[in-house]
Amino acid sequence: FSKLFVQTEFVAGVGALLATRRPRSPDEVRVWAAHLAVVEGEAVGGVQFETDRARFLGRGRTIRTPMSVLDARPLSDTVGTVLDPIFSLRRRVRVPPGGTARIAFWTMVAPSRSDALDLADKHRDAKAFERAATLSWTQAQVQLHHLGIEPDEALLFQRLANHVLYSDPKLRPSSEVQKRGEGGPSALWPHGISGDLPIVLVRIDEAADVEIVRQLMRAHEYWRMKRLAVDLVILNERPPSYSSDLQSALESVLRVHPQHDGEPARGSVFVLRAERVPIEVRNLLQAVARAVLLSRRGSLAEQVRRLEAAPPTPARRAPSAPPDRPWASAVPRPELEFFNGLGGFAAEGREYVTFLGEGQWTPAPWLNVVANPCFGFQVSAEGAGFTWSQNSRENQLTPWSNDPIGDAPGEVLFVRDEDDGATFGPTALPIREESEPYVARYGQGYTRFEHRSHGLSLELLQYVPLEDPIKISRLSIVNHSGRRRRLSVTAYVEWVLAATRGASAPFVVTEMDAETGALFARNPWRTEFAQRVAFVDLAGRQTSWTGDRSEFVGRNGTLDHPAAFMDGAPLSNRVGAGLDPCGALQTRLELGPSERVEVV
């Protein structure tokens, strides 16, 4: 919403882009941003610029495949009130044999337009980068000296912060331990912990191990200096009859730690005695902490080093290219009224139909909203969308990208040929096959997709019953290839169970229901909707599954090339707490020539 009020401009005199958000009230503080590119070497031509993300990426593309880069077209020099603002500057340079060219990109903020321009003008000098780098290094050394931190220790704190920010499961307890932690943030309030910030928990039971607490205190102060807000919780687990000596040592360490009582939003330090904390709260702390450290496991450096020395996940083998076969003809374009090149009306106006051929995308996501009073979903002509229950903002079951350019899906049905490894689906996202058109039919209370691929006709019908809180997707497959086919069908959803996935993902718990075979998901950390359970099912036909997105998508992976399909192996059947949560269910089937099968 806020990006709708951003205005951009290009100031030719300094070669800088400026942006500011129009204030919505007289009391709102205005901020100006500037972006500048400085060439050190031989520049060729003038500055090209872009502030419209749609023009830079192109509809249906992502930052991995930006149209303005891959097509080598000049940037459009668009500025003004753009719906989706960005900063992009392009400079061309000539590099002679054995020579060097450098380009420094500056991004800066200021309280006014004139201050932003002054900053940009000040940094137009090619030597400004070296000056800034030197000043930055000097400031960092002064800060470390002030905190009593050596450079190697600062690097250790940054490495630990990686695991805290991304909730690395290797620094969290086992899934079974996490599942014992029931309750929301209010359970921590009696101990002064808000639950709003990431928590680092250190468990200690020996006074001899107090050095790791001192080091984590320094880490906490270092993070505060870097504006990384974290709550550090120190849990004294020494038996009650001996706990006073350790408690005294911990309180002594806390007394010499800098106090910031007026700034709880930037993180605080809490020292708790285990015998005075109910077991339910101790379990909850372990379940929701982004990192749990045990003093008896060695120094902080040793514990982080063991994490990073863990063997990497074995790389999966990429499938061979599918053989080139003369498949059945594509889906014919239906007869449509008022056809505009992308869509038109059918069934006497009761359906709106889109027909997307090679290179065609709707200008923005064209959505169909299908819902009853308490449950619903929306889906675009390309197949992306999300599902909600009770409240479409506060209780999203799957993610809404809110991205009119990429329109990333959070729910996908994949079809894979188990003989040649080809993977495709009934919708244009996430795997787009340009050679075959995609048809989407919007009707009242349903959406139907049609596509032909690799000798198969695919038809996907999605709808919501009038009263029940459930989304039903029925996939029909017809074999036109003239030979027997071995296929797998995989249903995939990314769980949110909150308003935003980033905030909720560390707390989502998945499990397989023994009675129904469905994959359940819940978020017990929520204040509202905490007792509600979401599920995904293939009508009991699933033969393998996973609740771990990192397994399914893979490190740095994408849904158009998921790691789970690289070698054709079944899914791992891994579910539980502390995962990057998803729900993926897979079934395998065989189709003879002209045979039809349905998967629900």
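How many residues are over 34 Å from the mean Cα position of the chain (by Cα) and either touching a residue at least 40 places away in the same chain (Cβ under 8 Å) or surrounded by 13 or more Cβ atoms within 10 Å (Cβ to Cβ) (or both) when one looks only at the range 131-146?
The number of residues fulfilling the criteria is 0.
It is to be established whether one or more residues within the range 458-476 are touching a His at 6+ places or on another chain (Cβ under 7 Å) and of a type in the set (Phe, Trp, Tyr).
No, every residue in the range 458-476 fails to be touching a His at 6+ places or on another chain (Cβ under 7 Å) and of a type in the set (Phe, Trp, Tyr).
Between Tyr492, Tyr446, Tyr442, which is in contact (Cβ under 8 Å) with a residue 12 or more places away in the chain and more than 26 Å from Tyr352 (Cβ to Cβ)?
Tyr492
For the range 149-166, does any single residue satisfy the condition of being part of a loop (DSSP other than H, G, I, E, B) and more than 30 Å from Leu57 (Cβ to Cβ)?
Yes, the range 149-166 contains a residue that is part of a loop (DSSP other than H, G, I, E, B) and more than 30 Å from Leu57 (Cβ to Cβ).
Give me the residue from the range 361-384 that is out of contact with any strand residue (DSSP E or B) (no Cβ under 8 Å at 6 or more places or on another chain) and in contact (Cβ under 8 Å) with a residue 60 or more places away in the chain and, out of that set, surrounded by the fewest Cβ atoms within 10 Å (Cβ to Cβ).
Looking at the filtered set, the residue picked out is Pro363.
Tally time: how many residues in the range 203-228 are modelled with pLDDT of 95 or more and of a type in the set (Gly, Ala, Ser)?
The qualifying residues number 1.
Mind listing just one residue for me: the one in the range 573-600 that is hydrophobic (A, V, I, L, M, F, W, C) and assigned to a strand (DSSP E or B) and, of those, farthest from Val415 (Cα to Cα)?
Cys582
For Met67, only one of the following conditions fails: (1) out of contact with any helix residue (DSSP H, G or I) (no Cβ under 8 Å at 6 or more places or on another chain); (2) surrounded by 14 or more Cβ atoms within 10 Å (Cβ to Cβ). What is its number?
(1)
Determine the pairs where a residue that is farther than 16 Å from Ser481 by Cα and not assigned by TED's automatic domain parsing to the domain that holds Val553, located within the range 395-423, has a partner that is small (Gly, Ala, Ser) and buried (at least 21 other Cβ atoms within 10 Å of the Cβ) with Cβ atoms under 8 Å apart, the partner being 6 or more residues away or on another chain.
Sorted first by the residue in the range 395-423, then by its partner, the list stays empty.
Looking at Pro570, is it in a loop (DSSP other than H, G, I, E, B), touching a residue at least 24 places away in the same chain (Cβ under 8 Å) and over 16 Å from Val496 (Cβ atoms)?
So Pro570 passes the test.
Among Leu89, Leu119, Leu135, Leu83, which is outside the structural domain of Gly13 (by TED's automatic domain parsing) and among the aliphatic types (A, V, I, L, M)?
Answer to the check: Leu135.
How many residues does the range 93-120 hold that are surrounded by 14 or more Cβ atoms within 10 Å (Cβ to Cβ) and over 18 Å from Thr8 (Cα atoms)?
4
Taking the condition assigned by TED's automatic domain parsing to the domain that holds Val379, under 30 Å from the mean Cα position of the chain (by Cα) and farther than 22 Å from Asp567 by Cα, does Leu461 pass?
Criteria met by Leu461.
Taking the range 546-580 as the search range and keeping residues that are farther than 18 Å from Ala491 by Cβ and charged (D, E, K, R), which one is surrounded by the fewest Cβ atoms within 10 Å (Cβ to Cβ)?
Arg555
I need the full set of residues from the range 1-17 which are surrounded by 15 or more Cβ atoms within 10 Å (Cβ to Cβ) and either among the aliphatic types (A, V, I, L, M) or free of Cβ contacts under 8 Å to residues at least 24 places away in the same chain (or both), in order please.
Val6, Val11, Val14, Ala16, Leu17
The values are calculated or read from the model by the stated rules, or taken from the named source; none is laboratory data. This is a predicted model, so every value here is computed, not measured. Every residue, glycine as well, gets a Cβ built from its backbone with ideal geometry; the counts of neighbours run over all protein chains shown.
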